[in-house]
Structure formats: structure tokens, C-alpha cells
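This report refers to the structure that appears directly beneath it.
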Amino acid sequence: MDVVIAIIPLIAGYCLDIMLGDPLWLPHPVVGFGRVISVCEHRLNRGAHRVAKGAFTALGLVLSVYLAAYLGLCFIAPVVWLSIVVQVMLIFYCLAGTTLIGEVREVFRAVDRSLDDGRRQVARIVGRDTSALSPQEVRIAALETLAENLSDGVIAPLFWYLVLGVPGMLAYKMVNTLDSMIGYRTVRYRDFGRFAARMDDVANYIPARITAFLMIVCAARPGLFAFVRRYGRSHSSPNSGYPEAAMAGILGCRFGGAHDYFGERVEKPYIGTCDRQVDTADMTRAVHVCRLTEVVAVIIVLAIKIIFYNINQI
């Protein structure tokens, strides 16, 4: 019975994400993370010692989230039903697969209506300037984000849940939020966000590679392992290139190229060589692979937790 109680939060939390995504009417802790980061950045990202101040901010916020979650769960642990409910909700908040999939579907619908609609829609899920994107670039941007989000939004939270429990999951979300807000190589964030970007690189190093591996397995394309090794490591990011390379290989298309971030041109290496036009069928296939990868990852985490639970009972 105890092992059942131990695995209920993950099963229920994942099912909630499948059913609800991130409903706008429900307050989300990541929004709170973003507000705290914004306040810290505006107050501290000025003057001298920006690298040190950024590192202190990032490390302090991540540790604060972990300790708050750990102590809070310890406090309510004696009340089993309350502990389960809180863990279910926190896991639900930490998984972000369904919402992004819905956004990507909307991007493809929007760009089929008009280029301006597609640009506006894709701007909701990417950090780059979308005002000059072509229809192909809009669709590719959405697919790149889908692949990267599979790692950042699902597999990495599951990995840190397995390693450090729900508090580790929440701490990872703070790491990821910090990187998405201040981890850019622009004039404004280059110094202050340097530590946050490196921390995100470390936190995602293993999950990104696990993501690519599971994607290839779920797509039944073992021949793509060499493709991912080649293009994943050539990407400007030490991590995002791996799930992106897996997706590009599965779809037989090309990712990467020049992007504009906050008025600055950033050249990203190409992933793949087949510069063909992608369409809704490609998006549908990509979503199918992502969903299957999620399910397999959840099953693996549950199996490992059950195995370790049984070992500890011996």
C-alpha cells in the first residue's frame, strides 16, 4: 500500500497535465518565479560586480525554492491525504507538455490562415523576434520549441523528481525560469545572467540526452543516433541541440539558422541538411513522438521508484 501512495502523485500530476495543461484561471508558481526574478534583475543588474550579483541571485532563488518545498512537505507529511494532494498539484505545475503542444498546434493553424497570425502566435512560445519570419521559419520555430520543451518541460522535471523528489522538481523549474529570463548572451544579460545560464546547462545536461534517446526509441529510428551525436554537439547550446537534432532527424528537416534576440542577430548552427518545407502532417507526427516519449518517461520513473522502494524494504 505504501508504494501505491508513493507513486500516486506522479500518476495523478501527469494526468492533470494531460487533461488541463496550464489553465489561465489557475495561479501558477512559475509566474511567481518570474516576478521575483524580474524584481531582482531590475534592482541588481546595474553597476559593478554584475556577474557576482547574478550568481548570488540565481543560487539564492534556487536554494530558497528547494528548501521551502522540502520543509513544507516535511511539515504536512503526517497528514497523508494532504501531502498527496499538495504533491499532485506541485507535480502538475512542474510538467508543461500539454500547453506547449496546444500552442504549437495553434501556430500551424494560424500560419495557414495568414503569415501575420502565424508570427503573432509563434511569438507566444519563442524568445526571438518573429516580425520578419517567413511561413517556413514560423513552423520551424514552433517545432524547435516543441522539441526543446519536451526536454525542459517534461523529461528534465521528471529526472529531477527522480533524483531529488518534488522539491528538486520545483528547484529545476526555478533554474529553467531563470535561464529563460536572464540567460541570454546579450549586452543586458551577458554578465548578470551568466551563472543562471551555466546552471541551466548543468541541470539539463543529462535530461537533454535522455530526451533525444527516448525520442529516437519511440520513433523506432535507431539509425538516428549517429545523426544526433553529430548535430547535437555542434549546436551553440550544450543541451538543446540534442532533442532538436532528434526531432529534425525524425522529421527529415533542417533546424537552426540566424535569429534575432532583443535586436541582436544570433547565428545558430544548422541541424540537418534537408531544407524542405514542413507542414501540418510534420507537426502531427512531432506531437505524437513527444506524447509517446512522455508516457515512456513517466513509466520508467515509476518503475525505478517501485524498484528502489522494494530494495529499501529488504
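The values are calculated or read from the model by the stated rules, or taken from the named source; none is laboratory data. Being a predicted model, the structure only gives us computed values, none of them experimental. With ideal geometry, Cβ positions are generated from the backbone for all residues, glycine too; neighbour counts draw on all protein chains shown. Ligands, DNA and RNA are stripped out before the accessible areas are found, and what is left, the full protein with its side chains, is counted by its heavy atoms. Shrake-Rupley method; radii C 1.70, N 1.55, O 1.52, S 1.80 Å.
Side notes on the structure shown:
- Helices (runs of 4 or more DSSP H) completely within the range 109-210 that count 1 or more residues being hydrophobic (A, V, I, L, M, F, W, C) and in contact (Cβ under 8 Å) with a residue 60 or more places away in the chain: 135-149, 156-182
- Test: residue in the range 268-287 that is without any contact (Cβ under 8 Å) to a residue 12 or more places away in the chain, open to solvent by 50 Å² or more (accessible area, probe 1.4 Å) and not charged (D, E, K, R): yes
- Filtered residues of the range 8-27 (kept if on the phi < 0 side of the Ramachandran plot, modelled with pLDDT under 95 and crowded, with 16+ Cβ neighbours inside 10 Å): ASP22
- Members of the range 288-314 that are open to solvent by less than 70 Å² (accessible area, probe 1.4 Å) and not β-branched (Val, Ile, Thr): CYS290, ARG291, LEU292, GLU294, ALA297, LEU302, ALA303, LYS305, TYR309
- Only one of the numbered conditions (1) among the basic types (Lys, Arg); (2) modelled with pLDDT of 95 or more; (3) buried (at least 17 other Cβ atoms within 10 Å of the Cβ) is not met by ARG198, and that is (3).
- LEU143 vs. criteria open to solvent by less than 50 Å² (accessible area, probe 1.4 Å) and either among the hydrophobic types (A, V, I, L, M, F, W, C) or farther than 15 Å from ARG105 by Cα (or both): yes
- Residue in the range 90-107 that is touching a residue at least 40 places away in the same chain (Cβ under 8 Å), open to solvent by 10 Å² or more (accessible area, probe 1.4 Å), over 30 Å from ASP279 (Cα atoms) and hydrophobic (A, V, I, L, M, F, W, C) present: yes
- Qualifying residue in the range 58-72 (condition: outside any helix (DSSP H, G or I) and either surrounded by 16 or more Cβ atoms within 10 Å (Cβ to Cβ) or of a type in the set (Phe, Trp, Tyr) (or both)): no
- Total residues in the range 83-105, condition within 18 Å of ILE7 (Cβ to Cβ) and part of a helix (DSSP H, G or I): 11
- Some residue of the range 30-42 being under 23 Å from LEU302 (Cα atoms), surrounded by 14 or more Cβ atoms within 10 Å (Cβ to Cβ) and not acidic (Asp, Glu): no
- Some residue of the range 218-232 being within 15 Å of the chain's Cα centre (by Cα) and either assigned to a helix (DSSP H, G or I) or modelled with pLDDT under 95 (or both): no
- Enumeration of residues in the range 19-42 that are aliphatic (A, V, I, L, M) and over 16 Å from the mean Cα position of the chain (by Cα): MET19, LEU20, LEU24, LEU26, VAL36, ILE37, VAL39
- Restricting the first member to the range 17-36 and to residues that are part of a helix (DSSP H, G or I), and the second to residues that are open to solvent by less than 70 Å² (accessible area, probe 1.4 Å) and of a type in the set (A, V, I, L, M), the beta-carbon pairs closer than 7 Å and six or more apart or on different chains are ASP17/LEU95; PHE33/MET174; GLY34/MET181; VAL36/LEU61.
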